[in-house]
Structure formats: C-alpha cells, structure tokens
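Before any comments, here is the structure.
The values are calculated or read from the model by the stated rules, or taken from the named source; none is laboratory data. Since the structure is predicted, the reported quantities are computational estimates derived from the model, not experimental observations. Note that each Cβ is placed from the backbone with ideal geometry, even for glycine, and that neighbours are counted across all protein chains shown.
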Amino acid sequence: MPTHRFFSTPLGDVRLDTETIAQLMNNPNCHYNDHAHAEEHSLEVQLPFLQLCLSDFELIPILTGTVNSIDVAQLIEPYWDDRTLLVISTDLSHFYTYEECEDIDSKSCSKIEEGRLLTSKEACGYLGVNAVNQLIKQQRCHLQQLSRTNSGDSPHGDKSRVVGYVSYAISR
C-alpha cells in the first residue's frame with residue numbers, strides 16, 4: 001500500500017481512500033511500500049481513463065506481489081459493493097509472434113471464463129485475475145468479455161513480437 005494521500009496524473013490528482021487503506025493495513029499480508037508503486041505502471045495507465053469516466057472517486061491501489069490469490073480475494077471481498085469499481089490491470093502473453101499470442105491468449109481467456117487459475121506465463125497480473133475469479137465464484141457474478149486484442153492488431157504493430165490484452169465486465 002502507498003503512504004501517499006493522492007496519485008497525480010496530467011489530468012490532476014486522484015485522492016486515495018486513506019481510511020480504507022488504514023483498515024486494510026490490519027491484514028498481515030498488507031504492507032506500506034511506496035517503492036513498489038513507483039516502479040509499477042499498471043495503475044498509471046488506468047488512472048487517466050478513470051478520471052475521464054468517473055466524476056469523483058477515491059482510489060485504493062493494491063499491488064498483489066506474490067501472495068496467494070485467495071488471500072487477495074478475502075482482502076477485497078468486504079469492500080466490494082455496488083458503489084465499488086474493481087479494476088484489475090494486466091497484460092496477457094508477452095513477445096510471442098502474432099499467431100502464438102492468439103493461441104495462448106485464447107486459451108488464457110477460456111481459463112478466465114471457466115474460473116480456472118492463470119499462471120505467470122499467461123498474465124503478468126495473474127494473481128489479481130485469479131483473486132477476482134474467486135470473488136466471481138463466491139458472489140455468483142457474470143463475466144462478459146468486452147474485447148480481446150494484441151499489439152499486432154495495430155496498423156503499426158509488429159506481428160513478430162506482440163503483447164496480448166483483454167477486457168472484461170463483471171455484473172451481479
């Protein structure tokens with residue numbers, strides 16, 4: 001968890017929910033670590049989008065590290081309600097050919113949709129994805145794939161070395 005009170009983007013500051021972060025710090029798996037947040041880019045690419053889509057919000061940034069996905073699910077579950085937008089950010093496969101990426105990511109998406117566990121070879125943020133899949137099972141939510149693509153789909157993409165992406169929506 002960060003010790004900061006806000007994260008800054010070119011669009012302005014995003015307040016952190018310091019009260020909830022303080023509550024989460026009672027969990028033995030949670031630690032303050034500003035360095036981890038400074039080095040990790042998954043959140044910084046999401047924040048401007050969230051700032052444009054949401055008028056006013058507070059953020060609880062959680063980096064999973066190497067803890068068990070069940071522990072992450074148990075950490076998140078008490079705070080996930082109808083007022084909470086849960087965003088998990090990860091790439092899928094990395095630096096395969098276009099065809100290899102399509103095959104690997106198709107299989108990874110099938111695993112996500114079937115509630116099976118991903119590994120670090122299938123997604124950088126596999127622990128976050130696996131944690132949300134635990135919550136989806138517990139709360140009987142519906143998972144809908146919105147889009148799947150890779151960097152080779154761009155008109156300027158290099159099909160010899162691509163990165164895969166997918167987005168899902170979760171509804172109750």
- Taking only pairs six or more apart or across chains, which ones have beta-carbon atoms under 7 Å, a first residue in region 121-136 that is closer than 18 Å to GLU77 by Cβ and not assigned by TED's automatic domain parsing to the domain that holds LYS107, and a second residue that is at pLDDT 90 or above and not in a helix (DSSP H, G or I)? none
- Query: Considering only residues of region 101-138 that are closer than 10 Å to ILE88 by Cβ and not in a helix (DSSP H, G or I), which is modelled with the highest pLDDT?
  - Reply: ALA123
- Message: Being touching a Cys at 6+ places or on another chain (Cβ under 8 Å), in the same structural domain as GLN74 (by TED's automatic domain parsing) and charged (D, E, K, R) narrows it down to one residue among ARG116, ARG172, ARG140; which is it?
- Response: ARG172
- Members of region 65-98 found to be among the hydrophobic types (A, V, I, L, M, F, W, C) and either on the phi > 0 side of the Ramachandran plot or assigned to a helix (DSSP H, G or I) (or both), listed by number: ILE70, VAL72, ALA73, LEU75, ILE76, PHE95
- Query: In this structure, does GLU58 turn out to be in the same structural domain as MET1 (by TED's automatic domain parsing) and either at pLDDT 95 or above or of a type in the set (D, E, K, R) (or both)?
  - Reply: yes
- Query: Does ILE88 count as in contact with a Gly (Cβ under 6 Å, 6 or more places away or on another chain) and either assigned by TED's automatic domain parsing to the domain that holds ASN130 or at pLDDT 90 or above (or both)?
  - Reply: yes
- In region 110-120, which residues are of a type outside the set (A, V, I, L, M) and surrounded by 11 or more Cβ atoms within 10 Å (Cβ to Cβ)? LYS111, GLU113, GLY115, ARG116
- Task: Please identify the pairs in which a residue from region 84-106 that is under 22 Å from GLU40 (Cα atoms) has its Cβ atom under 6 Å from the Cβ atom of a residue that is surrounded by 15 or more Cβ atoms within 10 Å (Cβ to Cβ) and small (Gly, Ala, Ser), counting only partners at least 6 apart or on another chain.
- Result: ILE88/GLY128; SER89/SER42; THR90/ALA123; THR90/GLY125; LEU92/SER108; LEU92/ALA123; LEU92/GLY164; SER93/GLY164
- Would you confirm whether any residue within region 65-72 is buried (at least 18 other Cβ atoms within 10 Å of the Cβ), modelled with pLDDT under 95 and within 28 Å of HIS35 (Cβ to Cβ)? yes
- Is one or more of the residues making up region 1-14 within 17 Å of GLY128 (Cβ to Cβ) and either in a helix (DSSP H, G or I) or hydrophobic (A, V, I, L, M, F, W, C) (or both)? yes
- Query: In region 15-39, what residues are charged (D, E, K, R) and either part of a strand (DSSP E or B) or surrounded by 14 or more Cβ atoms within 10 Å (Cβ to Cβ) (or both)?
  - Reply: ARG15, ASP17
- at pLDDT below 90, within 17 Å of THR64 (Cα to Cα) and not charged (D, E, K, R), is that true of HIS35? yes
- Taking the condition part of a helix (DSSP H, G or I), outside the structural domain of SER160 (by TED's automatic domain parsing), exposed (fewer than 14 other Cβ atoms within 10 Å of the Cβ) and at pLDDT 90 or above, does LEU47 pass? no
